Amino acid sequence: MDFNASLRKAVKTGTVFLGRNKTQECIEEGRARLVVVAKNSPESVKNMVNGIDIPVYVYEGSSIQLGKACGMPYVVSALAVVEPGESDILNAVRV
């Protein structure tokens, strides 16, 4: 599975919220089905996802690379996938 391709497809065809605040909101409301955080995310972001009952995927690249993978021209430290759309991204955390 190509995670970047799956992520981009989820952003285009599904419901994905980008950014720390929107991600936290989705977690608190119980809408997030998958949370993705960049490897170099600030400690506040890592603490936000520590111990939640939602699958968390640590993106191996930087927040700049995560933003590019989403097709966005800005930094993305965290994102929440609410609906994957036509993407298979939810399989990223299944082993």
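Bear in mind these aren't lab numbers, they're just calculated from the coordinates by the rules spelled out. Computed from a predicted model, the values in this text were never measured in an experiment. No Cβ is skipped: glycine too gets one built from the backbone with ideal geometry, and neighbour counts run over all protein chains shown.
Among the residues of the range 1-47, count how many are basic (K, R) and farther than 11 Å from S87 by Cα.
Going through the range 1-47, the residues basic (K, R) turn out to be 8-9, 12, 20, 22, 31, 33, 39, 46.
Still in the list and also farther than 11 Å from S87 by Cα: 20, 22, 31, 33, 39, 46.
Residues meeting the conditions: 6.
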Problem - Subset of the range 48-67 [part of a strand (DSSP E or B) and farther than 18 Å from S87 by Cβ] - result: V58
Completion exercise
For the range 3-48, the count of residues that are under 12 Å from the mean Cα position of the chain (by Cα), farther than 14 Å from S77 by Cβ and of a type in the set (D, E, K, R) equals 2
Exercise for the section: Select from the range 10-32 the residues that are out of contact with any Pro (no Cβ under 9 Å at 6 or more places or on another chain), within 19 Å of G71 (Cβ to Cβ) and exposed (fewer than 15 other Cβ atoms within 10 Å of the Cβ) and list them in ascending order. Expected result: K12
Handout entry: Criterion (in a loop (DSSP other than H, G, I, E, B) and in contact with a helix residue (DSSP H, G or I) (Cβ under 7 Å, 6 or more places away or on another chain)) met by exactly one of V45, V81, V76, V37
Key = V76
Handout entry: Contacts under 8 angstrom Cβ, first residue in the range 22-39 being closer than 13 Å to V56 by Cα, partner among the acidic types (D, E) and part of a strand (DSSP E or B), 6 or more apart
Key = R33/E83
